[in-house]
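The values are calculated or read from the model by the stated rules, or taken from the named source; none is laboratory data. Predicted model only: the values in this text are computed from it and were never measured. Cβ placement follows ideal geometry from the backbone for every residue including glycine, while neighbour counts extend to all protein chains displayed. For accessibility, only protein heavy atoms count, side chains too; no ligands or nucleic acids. Shrake-Rupley method; radii C 1.70, N 1.55, O 1.52, S 1.80 Å.
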Amino acid sequence: MTQLLTIADLKEQAQRKVPKMFFDYADSGSWTEGTYRANESDFQKIKFRQRVAVDMSNRTLATTMIGEDVSMPVAIAPTGLTGMQWADGEILAAQACEEAGVPFTLSTMSICSIEAVAAATTKPFWFQLYVMRDREFAGSLIDRAKAVGCSALVLTLDLQIMGQRHKDIRNGLSTPSGFSLQRIWQLVTRPAWCFRMARSKNKTFGNIVGHAEGVSDMGSLGAWTTEQFDPRLSWDDVAWIKERWGGKLILKGILDPEDAKLAVKTGADAIIVSNHGGRQLDGACSSIEALPEIVEAVGKDIEVHMDGGIRSGQDVLKAVALGAKGVYIGRPFLYGLGAKGKEGVALSLDIIRSEMDVTLALCGKRDIKDVDRMLLKEGTYPTSK
Ligand SMILES: Cc1cc2nc3c(=O)[nH]c(=O)nc-3n(C[C@H](O)[C@H](O)[C@H](O)COP(=O)(O)O)c2cc1C
C-alpha cells in the first residue's frame, strides 16, 4: 500500500508492523466482541442532511473541552501498553497531540511514565486513573500527575474487574512472564519493531514498576494488577479522589442515564459516555446509542464527552450533533502509531480533521460550535425515547 488515506489504511499498515499479540490487544473487544462492533456499525446508520448554496468559506473546528481550547473536539483516549505499539509510543503520541492542538490522555497502564511524558512535552496533558486496592498508591499517582502539571484527571469507573478478551488469552498476553515459541516468532517477524524497542528505555509499565511495593518487573506486575484493581470502587471514592486532585475531573465509563445523574452529583467537570471500546461489558449498547439519552438527562448540568467507534471525522460530527462537546479516539491513534510512529498519530488526526471539515461544509455549516441535531436526517439517529 502506498497511500494512507483512511483510518482503515492505518489499521492495515499497523497489522503488518506490530507484533501480533500487541496488534490484537488493540483490535479486540470482550467475549463475542458484539459491543466492540456495534460501536462502529451504529455510526453507519446515521445520515447527514446535505445543504447547498450556503457560504462555506472561513470554516472553523476550534472549540473547547472542559474550558481548554482545542483545535477540534477530539482528544486522545487513555490506552494501556501504548509503548508496545511503537517504542516510546506515549511520548510520541503526546508530542503529536501537542502539535495538533488536541488533548492527550496518559493511561495509568502506560509504558512511558507520567514523568517521562512530561519531560518530553511542553503543554499539560491529562492523566487517567485506575483506582487500586492500595489507595495510597492511587493517591501517589494523583500526586505525581499534579506534580508534573497535568491539567485534568480522567477517572475510569468501568474497570473494577476486567472483561475477558479471548485474543489476549490465546496470545499469552494475560500471563506476562515467560517466553513461548509463539511469542518469539511474533517478535522475530517484526525486526524494525524489535530494533526500536531494544533502543528504548521504556519497556515496562512506567507508572507502576519501581513505584508500587513488590513490583519490580513485568512478571510480578501481572499478579499485582489482577489483585489490585479494586472491585469495591464506589461513588464515595470519587469524593476523596476529587479532593486529593483538586483540579478538573472527568468521569469515564458512563453508559446509563442514572449513573450520569450520580456523576453530576459528584461535582465533576465532565463525563465520558463510554463502554471502554467494547472491552468490558459485552452486550452493552454502543456509545453512540447511549449518548442522546444521557445528554437529555444531564446535558444541561455537565459537559458530556463520548468515545467508542469513532473511525472518521464524520463520526465525530455525528457525536457532536447528538450533544457531545468532544470525543476521544483510541484505536484510530493506536493504528496510526503502529503504522508510522509519531507521524502516524499526526496522520490519524489529520485524516479525521479533514473529513470533519469537508463534511461540515457540505452540510452547510462553517463553525463546529453551531452543530446540532439539525445536521442529521431525522429518523436515522438514536433519540432519548
Ligand atoms: C488497547 C486499548 C487499551 C486501553 N486501555 C485503557 C486504559 O488503560 N484506561 C482506560 O480508561 N481506557 C482504556 N481503553 C479504552 C479507551 O480509553 C477508549 O475508551 C476506547 O478505546 C474508545 O474506543 P475506540 O478505540 O473505538 O476509539 C483502552 C482501549 C484500547 C483499545
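Rounded to the nearest 20 debye, what is the charge dipole size of region 305-378 about its Cα centre when +1 sits on each Lys and Arg Cβ and -1 on each Asp and Glu Cβ? Write out the running numbers ahead of the final one.
Numbers: 12 positive and 10 negative charges, 17 e Å.
Here the size comes out at about 80 debye.
Over the chain, give the accessible area per residue in Å² for a 1.4 Å probe, as an integer.
Each residue of the chain exposes 42 Å² on average to a 1.4 Å probe.
If you average the C-alpha positions of region 319-343 and of region 240-261 separately, how far apart do those two centres end up, in angstrom?
22 Å
Looking at the chain, what % of its DSSP beta bridges pair antiparallel, to the nearest 5?
15 percent
Treating each Cα of the chain as an identical point scatterer and ignoring solvent, apply the Debye formula and state log10 I(q)/I(0) at q = 0.07 Å⁻¹.
Taking Cα atoms of the chain as identical point scatterers yields -0.29.
How large is the charge dipole for region 105-154, taken about the Cα centre, if only the Cβ atoms of Lys, Arg (+1) and Asp, Glu (-1) carry charge, to the nearest 20 debye?
Dipole size: approximately 100 debye.
Which value, in debye to the nearest 20, gives the size of the charge dipole of the chain about its Cα centre, when Lys and Arg are +1 and Asp and Glu are -1 at the Cβ?
In debye, rounded to 20, the chain gives about 920.
Within the chain, what whole-number % of the accessible surface is contributed by carbon and sulfur, with the 1.4 Å probe and all protein chains included in the calculation?
Within the chain, the accessible surface is 53 percent carbon and sulfur.
Choose one of Trp235, Ser312, Gly247: the residue whose Cα lies farthest towards the positive end of the charge dipole of the chain (beta-carbon charges +1 Lys, Arg; -1 Asp, Glu; about the Cα centre).
In the chain, that residue is Ser312.
What is the distance in Å between the Cα centroid of region 12-85 and that of region 269-312?
A separation of 13 Å, based on Cα centres.
Say the cut-off is 18 Å between C-alpha atoms; which of Lys248/Lys325; Lys252/Lys325; Lys11/Lys318; Lys47/Lys365 go over it?
Beyond 18 Å between Cα atoms: Lys11/Lys318.
Hey, what number do you get for the chain at 222 nm if only DSSP H runs of n ≥ 4 count, each worth -39500 (n - 2.57), divided across all residues, to the nearest 500?
Dividing the helical sum by the residues of the chain leaves -13000 deg cm²/dmol.
Expressed as a rounded percentage, what relative contact order does the chain have, with Cα pairs under 8 Å and six or more residues apart?
Result for the chain is 29 percent.
Over region 286-362, what is the mean sequence separation of C-alpha contacts under 8 Å (at least six apart), divided by residue count, expressed as relative contact order in percent?
The normalised contact order for region 286-362 reaches 30 percent.
Around Cys363, what is the net charge, scoring Lys/Arg as +1 and Asp/Glu as -1 over all other residues with Cβ under 13 Å from its Cβ? Don't skip to the answer; put the middle values down first.
Numbers: positive: Lys47, Arg49, Arg51, Arg59, Lys318, Lys365, Arg366, Arg373, Lys377; negative: Glu355, Asp357, Asp367, Asp370, Asp372.
Its environment carries a net charge of +4.
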